[in-house]
Amino acid sequence: MALWAMMRQNHFLKRIEDFRMPKLSLIQGILFDLDGVLYVDSNVIEGAVEAIAEIKRRGYRCRFITNTSTLSAASLHDKITLLGFDIDEREIVSATRATLIYLEQFGDPVCHLLLADDVRHDFDRFRQSDTQADFVIVGDIGDRWSYPVLNRVFRLLTGGARLIAVHKNRFWQTEQGLQMDIGGFVSALEYASGQQATIIGKPSPDFSVRR
């Protein structure tokens, strides 16, 4: 049974006993998704805090992966801590962090950022421009999406900029139900510009390499 499914059914702590099985004795670490698995918005999935604490107590190394692109690294860690999880910031592997690592290989690129204001702080090390850029970085900007925004990016892409998507999720779970994510906007930009985006976040096979 999938890890998240066990947690949703509140059987997770009981099923931790499965880790004693010989066939799992070679496990060196466990990957957990965050939003929608350990919590939804500000609500912790029942049993999740205790489950993570117990797994860590048993000596398993943990990494927490996420495509969340609305919070900076510091803000994301603060949120997780306030929710009651004992997770070190170094254990969090985010798509925005992987995007930063990807961009660093290009030295000093000029970027156009479609990112939440909080996340933009993590990208301060790069030069930025609204008129001429080497890369357009697309993340979640909420209700700021509009035709002028899309058309500005389209012009940058047709002018030579490369399209980088923090992820390409279709939707995500919120307290109000499913909500459209940035994947549709990324696809629209790909279609209009004739350029295929570089997708950084999961399930991109390069995500683990760029962590």
Review point. Tilt of helix 147-158 relative to the longest C-alpha principal axis of the chain, in degrees (0 to 90, nearest 10)?
Key: 80
Exercise for review: Would you grab the residues whose amide H sits under 5 Å from the one on TYR39? Only those 5+ places off in sequence or on another chain, please, with H modelled 1.01 Å from N.
Suggested key: ILE45
Point to revise | Taking the chain and dividing mean pair separation by its residue count, relative contact order in percent (alpha carbons under 8 Å, at least six apart) | key: 18
Check your understanding: In region 29-58, which trypsin sites (Lys or Arg not before Pro) are in a loop and have at most 10 other Cβ atoms within 10 Å, using DSSP for the loop call?
Key -> ARG58
Study note, to complete from the structure: Labelled set (1) 36; (2) 21; (3) 28; percent of Cα pairs over 30 Å apart computed from this model equals the value at (3)
Point to revise | Amide hydrogen neighbours beyond the local backbone of PHE171, cut-off 5 Å, H modeled | key: ASP181
Revision key, fill the gap. Label model pair THR158, ARG61: point-to-point distance (7 angstrom along the Cα→beta-carbon line) in nm is 4.9
Check your understanding: Amide H of VAL110: which non-local residues (sequence gap of 5 or more, or other chain) have their own amide H closer than 5 Å, using H built in the peptide plane?
Key -> ASP134, PHE135
Study note, to complete from the structure: Carbon and sulfur atoms account, in whole percent of the 1.4 Å probe accessible area of region 78-211, for 49
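If you take the beta carbon distance between ARG90 and ARG120 as r and set R0 to 25 Å, what does 1/(1 + (r/R0)^6) give as a FRET efficiency, to the nearest 0.05?
Numbers: r = 22 Å, r/R0 = 0.89.
FRET efficiency, ARG90 to ARG120: 0.65.
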Exercise for review: Once you've got the GNM for the chain with C-alpha springs shorter than 10 Å, pick whichever of ALA73, ALA192, ALA133 has the biggest mean-square fluctuation.
Suggested key: ALA192
**Study point:** Qualifying trypsin sites (Lys or Arg not before Pro) for region 74-179 [loop in DSSP, other Cβ within 10 Å: at most 13]
**Key:** ARG125, ARG170
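Just the accessible area per residue of the chain, please: how many Å² with a 1.4 Å probe? Each step should come with its number before you reach the end.
Numbers: 11470 Å² over 211 residues.
Per-residue value: 54 Å².
Rounded to the nearest 500, what is the 222 nm mean residue ellipticity of the chain from helices alone, with -39500 (n - 2.57) per DSSP H run of 4+ residues and division by all residues?
Rounded to the nearest 500, the figure is -8500 deg cm²/dmol.
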Practice item. Whole Å is fine, so just give me how far the alpha carbon centre of region 167-183 lies from that of region 53-97. Key: 20
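When the chain is fully extended, how far beyond the present Cα-Cα distance does LEU26 get from TRP145, taking 0.36 nm per residue of separation? Kindly include the intermediate steps, with their values, before the conclusion.
On the way: separation 119, 0.36 × 119 = 42.84 nm, distance 4.65 nm.
Here the answer is 38.2 nm.
Given a Förster radius of 35 Å and the C-beta distance between ARG127 and VAL49 as r, what FRET efficiency does 1/(1 + (r/R0)^6) yield to the nearest 0.05? Write down the numbers at each step before the final one.
Numbers: r = 41 Å, r/R0 = 1.17.
After rounding, the FRET efficiency stands at 0.30.
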Exercise for review: May I ask for the angle, rounded to the nearest 10°, between helix 48-57 and the longest principal axis of the chain, with both axes built from Cα atoms and the value confined to 0 to 90°?
Suggested key: 70
Exercise for review: Apply 1/(1 + (r/R0)^6) to the Cβ-Cβ distance of VAL110 and ARG170, taking R0 = 41 Å, and write down the FRET efficiency to the nearest 0.05.
Suggested key: 0.85
Point to revise | Sequence-separation-based contact order of region 47-166, relative, with Cα cut under 8 Å and 6+ spacing, percent | key: 25
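The values are calculated or read from the model by the stated rules, or taken from the named source; none is laboratory data. As the structure is a computational prediction, the values presented were derived from the model and not from experiment. Don't worry about glycine lacking a Cβ; one is built from the backbone with ideal geometry, like all the others, and counts go over all protein chains shown. For the accessible areas, the whole protein counts, side chains as well, though only heavy atoms, and no ligand, DNA or RNA atoms are used. Shrake-Rupley method; radii C 1.70, N 1.55, O 1.52, S 1.80 Å.
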